[in-house]
1. Along the positive direction of the dipole of the chain (beta-carbon charges: Lys, Arg +1; Asp, Glu -1; about the Cα centre), which of Gly108, His25, Val42 reaches farthest?
2. Where does each of 95-105, 14-24 land if you order them by average Cβ count within 10 Å, highest first?
3. For the stretch 8-103, what does the convex hull of the Cα positions come to per residue, in cubic angstrom?
4. At a 1.4 Å probe radius, carbon and sulfur cover how many percent of the accessible area of the chain?
5. Pull out the extension gain between Arg81 and Lys33, defined as 0.36 nm times the separation in residues minus the alpha carbon to alpha carbon distance; nm, one decimal.
6. Solvent-accessible area per residue for the chain at a 1.4 Å probe radius, Å²?
7. Taking 22 Å as R0, compute the FRET efficiency from the Cβ-Cβ separation of Met16 and Asp71 and round it to 0.05.
8. Using the alpha carbons of the stretch 67-110, what is the convex hull volume per residue in cubic angstrom, as a whole number?
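The values are calculated or read from the model by the stated rules, or taken from the named source; none is laboratory data. It should be emphasised that the depicted structure is a prediction, and the values quoted were computed from it without experimental measurement. Cβ atoms come from the backbone with ideal geometry, glycine included; neighbour counts cover every protein chain shown. Surface accessibility is based on the protein's heavy atoms, side chains included, excluding ligands, DNA and RNA. Shrake-Rupley method; radii C 1.70, N 1.55, O 1.52, S 1.80 Å.
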Amino acid sequence: MSLLDQEIMAELQLIMEDDLPKLIHSFLQNSQKLIRELADCVARDDREGFVMRIHSLKGSCRNIGACRMGDLCQSIEHKARAGDLDAVPADLETLNAELSEVGQALQGYL
């Protein structure tokens, strides 16, 4: 699976036109913020807050065409819903790395 779903990106370009860069910047900023908040939730053992944020991030990823990152969020969400926050710190590192790659791929649309 590629970093970005090209069909979704083409549709976003068609719909958003000149506003697509704003959407991309917003996605990247919000995603970075959510990942920091996810780490805070783990530190506080706030499973409910974690699940809410990872679910939100999953939707944002899929909406912008970062489906592989969305799938990673879904996997992390399932673990969190099952009460397994112990494995999450390593998952958040993977998620952060994935966001970096997605950010690089999105540069072509700015």
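1. Positive-end residue among those listed: Val42.
2. Those peptides, ordered most packed to least, come out 95-105, 14-24.
3. Working: hull volume 7.5 nm³, N = 96.
Cα-based convex hull of the stretch 8-103, divided per residue, equals 78 Å³.
4. 48 percent
5. On the way: separation 48, 0.36 × 48 = 17.28 nm, distance 2.11 nm.
Roughly 15.2 nm would be gained on extension.
6. That works out to 57 Å² per residue.
7. That pair, Met16 with Asp71, gives E of 0.40.
8. Measuring per residue, one finds 56 Å³ for the Cα hull of the stretch 67-110.
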